[in-house]
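Read through the structure below, which is laid out as structure tokens, and then see the notes.
The values are calculated or read from the model by the stated rules, or taken from the named source; none is laboratory data. Because the structure is predicted, anything quoted here is derived from the model rather than measured. Every residue, glycine among them, receives a Cβ derived from its backbone with ideal geometry; neighbour counts consider all protein chains shown. Accessible surface areas use protein heavy atoms only, side chains included; no ligands, DNA or RNA. Shrake-Rupley method; radii C 1.70, N 1.55, O 1.52, S 1.80 Å.
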Amino acid sequence: MRIALLGGTGDVGEGLALRWAYHSDHDVVIGSRDPDDAHDAADRYERAVADHGRERKITGFENTMAADRAEVVVLCVPPYHVADTVESIEGSLDDGDVLVTPAAGMKRDDDGFHYHPPSAGSVTALVADAAPDGVPVVGAFHSLAAGRLADLDAELGVDTLVIGDDADAKSRVAGLAEDIDGLRALDAGGLANAPEVESLTPLLVNVARENDGLGDLGVSFR
Ligand SMILES: NC(=O)c1ccc[n+]([C@@H]2O[C@H](COP(=O)([O-])OP(=O)(O)OC[C@H]3O[C@@H](n4cnc5c(N)ncnc54)[C@H](OP(=O)(O)O)[C@@H]3O)[C@@H](O)[C@H]2O)c1
């Protein structure tokens with residue numbers, strides 16, 4: 001499978017790129033608004049994976065070209081830019097491609113982080129509203145800590161909740177998640193459940209901030 005990580009120059013994009021390149025044979029394509037940044041990040045990730053004993057080719061392109069090359073497109077961009085990003089790559093998406101969103105809307109005050117969904121109801125709903133017909137949207141990877149993903153020496157041992165209305169697309173993304181060692185995908189229902197799934201992220205960030213040694217916190221359902 002070819003997976004494009006748009007905004008793959010950032011934290012969660014780096015973590016997912018390294019993990020898929022290291023643990024699976026999927027083709028990893030880094031997207032950025034700036035093609036030079038995409039190339040640089042791809043080179044850096046290739047070296048990091050090679051340092052861990054795997055020679056993999058990771059490519060980097062401007063977001064539209066990255067999306068054009070992939071069947072699964074992960075939106076690793078800030079929550080309030082997901083819709084712009086989907087609109088900018090619309091012409092690169094084919095029927096049957098899958099859009100994946102890991103984003104959670106949050107705001108911060110003196111007490112910590114709070115769930116702050118957009119008026120659409122959730123960031124996932126924003127993506128679904130912007131997605132072209134024939135391109136299903138799946139939510140996943142919200143509760144993963146980017147730092148832990150990017151540390152290839154760290155065992156994950158965590159779960160990710162997967163939501164979506166298209167059963168095939170959801171199972172494809174769950175399969176991709178489970179191709180990463182130590183990551184279990186759990187079905188959390190349809191896109192209507194996005195607020196519950198997204199709101200886990202600020203909770204995790206607050207717990208990580210308030211407790212020493214839990215910086216790269218994840219969840220595991222038992
Ligand atoms: N960090 C985590 O631990 C984590 C975990 C799970 C989920 N998430 C979610 O994953 C998403 C990305 O998080 P992150 O921490 O990786 O973010 P980030 O590092 O702050 O940004 C990721 C990338 O987004 C692109 N970007 C920045 N501003 C943009 C804009 N106005 N329009 C389009 N692209 C823009 C940039 O790439 P270019 O400049 O190269 O285009 C940047 O490298 C967020 O929605 C977050 O909620 C994060």
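One line per residue, one yes/no per condition, for (1) of a type in the set (Lys, Arg); (2) under 23 Å from ASP179 (Cβ atoms); (3) in contact (Cβ under 8 Å) with a residue 40 or more places away in the chain; (4) in contact with a Leu (Cβ under 7 Å, 6 or more places away or on another chain):
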| position | (1), (2), (3), (4) |
| --- | --- |
| ALA17 | no, yes, yes, yes |
| ILE30 | no, yes, no, yes |
| GLU46 | no, yes, no, no |
| ALA50 | no, yes, no, no |
| ARG56 | yes, yes, no, no |
| ALA66 | no, yes, yes, yes |
| GLU71 | no, yes, yes, no |
| CYS76 | no, yes, yes, yes |
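Among the criteria (1) within 10 Å of the ligand (Cβ to nearest atom); (2) buried (at least 19 other Cβ atoms within 10 Å of the Cβ), the one PRO117 does not fulfil is (1). Out of curiosity, is PRO102 in contact (Cβ under 8 Å) with a residue 24 or more places away in the chain, in contact with a His (Cβ under 8 Å, 6 or more places away or on another chain) and not polar (S, T, N, Q)? Criteria met by PRO102. Quick test of your reading of the structure: MET106 fulfils all but one of (1) more than 15 Å from the chain's Cα centre (by Cα); (2) modelled with pLDDT of 95 or more; (3) surrounded by fewer than 18 Cβ atoms within 10 Å (Cβ to Cβ). Name the failing condition by number. The single condition MET106 does not satisfy is (3).
Could you grab me the full set of residues in the stretch 53-64 that are open to solvent by 30 Å² or more (accessible area, probe 1.4 Å) and in a strand (DSSP E or B)? Once the filter is applied, which keeps residues that are open to solvent by 30 Å² or more (accessible area, probe 1.4 Å) and in a strand (DSSP E or B), the stretch 53-64 yields THR59, PHE61, GLU62.
For residues that are within 15 Å of the ligand (Cβ to nearest atom) and over 17 Å from the mean Cα position of the chain (by Cα), scanning just the stretch 65-91, find the one that is least open to solvent (accessible area, probe 1.4 Å). In this case the residue turns out to be SER88. Here is a list: ALA38, ALA50, ALA42, ALA4. Which entry is more than 10 Å from the ligand (Cβ to nearest atom), among the aliphatic types (A, V, I, L, M), open to solvent by less than 10 Å² (accessible area, probe 1.4 Å) and outside any strand (DSSP E or B)? Answer to the check: ALA42. Considering only the stretch 173-222, state which residues are outside any helix (DSSP H, G or I), at pLDDT 95 or above and aliphatic (A, V, I, L, M). Across the stretch 173-222, the qualifying residues are ILE180, LEU183, ALA185, LEU186, ALA188, VAL219.
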